[in-house]
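See structure below.
The values are calculated or read from the model by the stated rules, or taken from the named source; none is laboratory data. These numbers come from a predicted model, not from an experiment. FYI the Cβ positions are ideal-geometry reconstructions off the backbone, even for glycines, and counts take in every protein chain you see. Each accessible area value is taken on the protein alone, full model and side chains, heavy atoms only, with ligands, DNA and RNA left out. Shrake-Rupley method; radii C 1.70, N 1.55, O 1.52, S 1.80 Å.
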Amino acid sequence: MSEFWLISAPGDKENLQALERMNIVTSKSNLSYNTKFAIPDFKLIKRMAQSVAEVMEDSKGKVQENLLANGVDLTSFVTHFEWDMAKYPAKQPLVGVVDTLAKQLAQIETDLKTRTAAYNTLKTNLENLQKKSKGNLFTRTLSDIVSKEDFVLDSEYLVTLLVIVPKPNYTQWQKTYESLSDMVVPRSTKLITEDSEGGLFTVTLFRKVIDDFKTKAKENKFTVREFYYDEKEIKREREELTRLLSDKKQQYQTSCVALKKGSSTFLDHKVKVTPLGHPDRPATGQTDRERESEGEGEGPLLRWLKVNFSEAFIAWIHIKALRVFVESVLRYGLPVNFQAVLLQPHKKSSTKRLREVLNSVFRHLDEVAAASILDASVEIPGLQLNNQDYFPYVYFHIDLSLLD
């Protein structure tokens with residue numbers, strides 16, 4: 001499962017008892033995988049993950065592998081989390097740490113809004129142009145269908161009209177179009193294209209009989225499509241479509257991209273992460289500049305999203321750690337003596353049983369809260385929360401299903 005429960009319970013002198021007890025009570029029924037969460041919910045993370053998926057719409061199967069934190073998958077980062085002492089010094093006042101995290105995330109969110117707004121404008125303009133190429137002959141653009149050779153141009157007296165003829169009426173059209181009005185050029189009709197309902201024909205006639213021809217055509221269920229062939233305008237529209245397609249694709253992938261080093265959201269630091277499954281391997285980190293070289297060939301938007309998703313996710317987990325610390329101190333008091341434990345339920349069906357086991361182990365910490373889990377009618381005095389959000393132990397939920 002990609003779900004984690006971050007809980008905290010009072011510890012002993014060695015801070016090992018809570019984790020050991022957790023391992024004992026959860027291993028009996030194989031309920032969860034537990035790890036020590038070392039400590040010295042905002043929507044931004046999910047929005048960034050969904051933005052990556054949107055930019056990679058042509059490679060959706062590769063989205064998850066691009067959602068990394070400091071160069072490793074999210075599960076590995078969370079289960080081997082260590083506080084970044086270099087960026088968030090433990091000796092710094094708590095308010096300073098929170099302020100640093102808040103400013104970093106605020107800047108990322110501001111940049112995200114700007115970049116996604118520009119990308120969405122690009123997508124909207126492209127979709128509007130592409131919509132013109134869809135639909136039936138009555139509504140779609142004709143600039144990508146007709147050519148200069150289909151028209152009589154620059155004539156003072158003659159003009160070429162485009163007429164939509166229902167498929168069952170093709171024969172009738174061929175027999176009658178020359179007689180629908182005076183001054184229709186004989187044998188001037190040509191089928192340019194057709195769809196499931198009808199065909200688009202040309203017909204050339206004198207300008208002064210246009211209105212009469214339109215009236216007679218309508219009476220015979222032929223529709224004159226209003227269209228003026230403007231070679232410059234058609235060329236401009238085609239070039240605009242090509243440019244938008246190219247610009248959109250380049251946001252995902254380019255041959256050579258360089259992210260501006262001066263960006264306030266392009267950071268250069270390391271976070272220690274021990275690879276999952278190798279607890280004895282020395283902790284390693286990956287700087288953003290190392291990730292930059294790996295990202296060559298990626299478009300600017302995707303590259304920015306990947307770098308700053310990592311930064312935001314790392315900050316998010318640090319905030320989770322801060323919340324556990326503050327809540328634990330408020331609940332269990334001073335001196336600080338508690339152990340944070342990260343539980344990963346093995347499967348969805350075991351979560352209810354896991355909750356019951358935790359409630360049994362820690363009910364002595366808050367009898368009222370423990371009772372409220374079994375009886376939803378029990379109110380917790382002074383706590384304006386749904387009882388489902390409050391437990392005898394400190395609890396925070398970490399959901400890594402960011403693309404659901």
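Residue pairs whose Cβ atoms lie under 6 Å apart, sitting 6 or more positions apart in sequence or on different chains, and linking a residue in the range 81-106 that is under 22 Å from MET48 (Cβ atoms) and open to solvent by 70 Å² or more (accessible area, probe 1.4 Å) to a partner that is part of a helix (DSSP H, G or I) and of a type in the set (Ser, Thr, Tyr), do not occur here. Being in contact with a strand residue (DSSP E or B) (Cβ under 9 Å, 6 or more places away or on another chain) and not hydroxyl-bearing (Ser, Thr, Tyr) is a description that does not apply to ARG353. The number of residues in the range 330-347 that are part of a helix (DSSP H, G or I) and touching a strand residue (DSSP E or B) at 6+ places or on another chain (Cβ under 8 Å) comes to 2.
What about SER76, is it more than 23 Å from LEU322 (Cα to Cα) and in a helix (DSSP H, G or I)? When the stated conditions are applied, SER76 does not pass them.
Of these, VAL329, VAL394, which one is under 32 Å from the mean Cα position of the chain (by Cα), modelled with pLDDT of 90 or more and within 30 Å of PRO93 (Cβ to Cβ)? Even if it seems obvious, please write down each step before you answer.
Numbers: VAL329 fails: under 32 Å from the mean Cα position of the chain (by Cα).
Result: VAL394 is the single residue among VAL329, VAL394 that is under 32 Å from the mean Cα position of the chain (by Cα), modelled with pLDDT of 90 or more and within 30 Å of PRO93 (Cβ to Cβ).
Once the range 1-53 is narrowed to residues that are of a type in the set (Phe, Trp, Tyr) and open to solvent by less than 30 Å² (accessible area, probe 1.4 Å), the residue that is modelled with the highest pLDDT is PHE4.
Could you count how many residues in the range 193-222 are in contact with a Phe, Trp or Tyr (Cβ under 7 Å, 6 or more places away or on another chain) and open to solvent by less than 60 Å² (accessible area, probe 1.4 Å)? Residues flagged as in contact with a Phe, Trp or Tyr (Cβ under 7 Å, 6 or more places away or on another chain) and open to solvent by less than 60 Å² (accessible area, probe 1.4 Å) within the range 193-222 amount to 5.
Consider ARG115 carefully, then state whether it is modelled with pLDDT of 90 or more, of a type outside the set (S, T, N, Q) and on the phi > 0 side of the Ramachandran plot. So ARG115 fails the test.
Hey, does the range 62-80 have a residue that's more than 19 Å from the chain's Cα centre (by Cα) and open to solvent by 50 Å² or more (accessible area, probe 1.4 Å)? No, the range 62-80 contains no residue that is more than 19 Å from the chain's Cα centre (by Cα) and open to solvent by 50 Å² or more (accessible area, probe 1.4 Å).
Taking the range 144-194 as the range and being of a type in the set (Ser, Thr, Tyr) and in contact with a strand residue (DSSP E or B) (Cβ under 8 Å, 6 or more places away or on another chain) as the test, the residues that pass are TYR157, THR160, TYR170, TYR177, SER181, SER188, THR189, THR193.
Given the condition among the charged types (D, E, K, R) and part of a loop (DSSP other than H, G, I, E, B), answer yes or no: does some residue in the range 42-62 qualify?
Looking for residues that are among the charged types (D, E, K, R) and part of a loop (DSSP other than H, G, I, E, B), one finds at least one in the range 42-62, hence yes.
Somewhere in the range 114-130, is a residue within 19 Å of the chain's Cα centre (by Cα) and among the basic types (Lys, Arg)? Checked the range 114-130: at least one residue is within 19 Å of the chain's Cα centre (by Cα) and among the basic types (Lys, Arg). Does the range 197-256 hold any residues that are touching a strand residue (DSSP E or B) at 6+ places or on another chain (Cβ under 7 Å) and assigned to a helix (DSSP H, G or I), and which are they? ARG207, ILE210, PHE213, LYS214, ALA217, listed by residue number. Here's a check for you: in the range 125-164, which residue that is over 21 Å from LYS232 (Cβ atoms) and of a type in the set (Ser, Thr, Tyr) is least open to solvent (accessible area, probe 1.4 Å)? Ranking the candidates gives THR139 first.
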